[in-house]
Amino acid sequence: MARKRKGRLIDGIFLLNKSLDISSNQAMQKVRWAFGAAKAGHTGALDPLATGMLPVCLGEATKFSQFLLDTDKTYEVTAKLGVRTTTSDAAGEVVESKEVNVTAQQFAQACEQFRGPIKQIPSMFSALKHQGKPLYFYARQGIDIPREARAITIYALTIERFDGDEVDMTVHCSKGTYIRSLVDDIGQVLGCGAYVSKLHRSRVTDYPSDKMLTLEQLDVVVNQAKEQGVDVFELLDPLLLPMDTAVKCLDEVTLSADQVIYYNNGNSARLIDSNSVIPAGEQVRVYAPETHLFLGVGVVEEGHRVQPKRVVVRESSN
């Protein structure tokens, strides 16, 4: 006997403005519960002390969450000079305190070496895995694991405010960047130490920040539906972004009408002639003709075909 599905089939991406003192997983579960979704996943964890944009993928959109993990991001960060902590943020224990004798010009000069392609050693208090466990699991036991420096890119680092021992910055960076490590490294260059006192992720790829909602705002929508006597999902579902927005970085291709069923069944499918300029080996967004229905992500093959990599499964197609 088939197991009863827990939750409804709803596909899309919700832009959550995560608040302080809640984990990304806890926040994601609250969004999932509000939408009654059968499946959910987030795209890049924010620390409990960090706020800001956390795209939550619902339903079939979870198949494309990795693409958002791999995109560039923008953060608004406040660095506190003169102190180093175990976690390089306000949650850690103070391990070193020094007097701050740094000018705005000296701080700006220190930041110069961190712009562009650089190598960064991830913090021990990160979610990177070692032997199947996140690094913070070992850090909390006082175990230090050797970490290799990773290649990242700081596309822009703008100093917004300098006030003695406190500095506000905006950082636009590539995937894999740890802002806490960046601030700690800047503090080391200055010789006084530094840690992150505030961190807000303002952008993931090109998602608009004005589309974000907090959990509190989500509750307002739910209560509004109850007061109006309407189905809560009539008000909630329009808040979701289409799942193909997660893969807008990829070129778009369209299948021949008679090839859609082949693609949906996981088989190589023929492209229409206008897609011939895309070279073999490239990942692409795949759509049905006329309706422009998003079918998933595939890889272009020789012979003007596309091989499915991620296929959107819809209830009507089961």
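The values are calculated or read from the model by the stated rules, or taken from the named source; none is laboratory data. What you see is a predicted model; the values in this text were computed from it and never measured. So basically every Cβ, Gly included, is an ideal-geometry build from the backbone, and we count neighbours across all protein chains shown.
Tabulated data
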{"read-out": "Candidate set from region 209-255 (those that are among the charged types (D, E, K, R) and more than 27 Å from Tyr287 (Cα to Cα)); member that is surrounded by the most Cβ atoms within 10 Å (Cβ to Cβ)", "value": "Asp219"}
{"read-out": "Tally of residues being outside any helix (DSSP H, G or I), of a type outside the set (Ser, Thr, Tyr) and surrounded by fewer than 20 Cβ atoms within 10 Å (Cβ to Cβ) across region 41-78", "value": "8"}
{"read-out": "Wholly within region 79-127, strands (runs of 3 or more DSSP E) carrying at least 1 residues that are hydroxyl-bearing (Ser, Thr, Tyr)", "value": "83-85, 94-97"}
{"read-out": "Residue in region 152-170 that is touching a helix residue (DSSP H, G or I) at 6+ places or on another chain (Cβ under 9 Å) and within 20 Å of Ala91 (Cβ to Cβ) present", "value": "yes"}
{"read-out": "Output for region 142-154, where each listed residue is loosely packed, with under 14 Cβ neighbours inside 10 Å and modelled with pLDDT of 90 or more", "value": "Ala151"}
{"read-out": "Test: residue in region 260-271 that is more than 25 Å from the chain's Cα centre (by Cα), more than 25 Å from Leu9 (Cα to Cα) and not in a strand (DSSP E or B)", "value": "yes"}
{"read-out": "Conditions (1) over 25 Å from the mean Cα position of the chain (by Cα); (2) surrounded by 11 or more Cβ atoms within 10 Å (Cβ to Cβ); (3) in a helix (DSSP H, G or I): number failed by Cys192", "value": "(3)"}
{"read-out": "Candidate set from region 288-314 (those that are closer than 23 Å to Gln66 by Cα and among the charged types (D, E, K, R)); member that is modelled with the lowest pLDDT", "value": "Arg314"}
{"read-out": "Test: Ser88 is closer than 30 Å to Arg310 by Cβ and small (Gly, Ala, Ser)", "value": "no"}
{"read-out": "Residue under evaluation Arg180, criteria (1) in a helix (DSSP H, G or I); (2) at pLDDT below 95; (3) in contact with a helix residue (DSSP H, G or I) (Cβ under 9 Å, 6 or more places away or on another chain), criterion not met", "value": "(3)"}
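Listed here are the residues, each with its yes/no results for (1) of a type in the set (Ser, Thr, Tyr); (2) over 25 Å from Gly82 (Cα atoms); (3) not in a helix (DSSP H, G or I).
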{"position": "Phe137", "(1), (2), (3)": "no, yes, no"}
{"position": "Leu157", "(1), (2), (3)": "no, no, yes"}
{"position": "Val171", "(1), (2), (3)": "no, no, yes"}
{"position": "Lys175", "(1), (2), (3)": "no, yes, yes"}
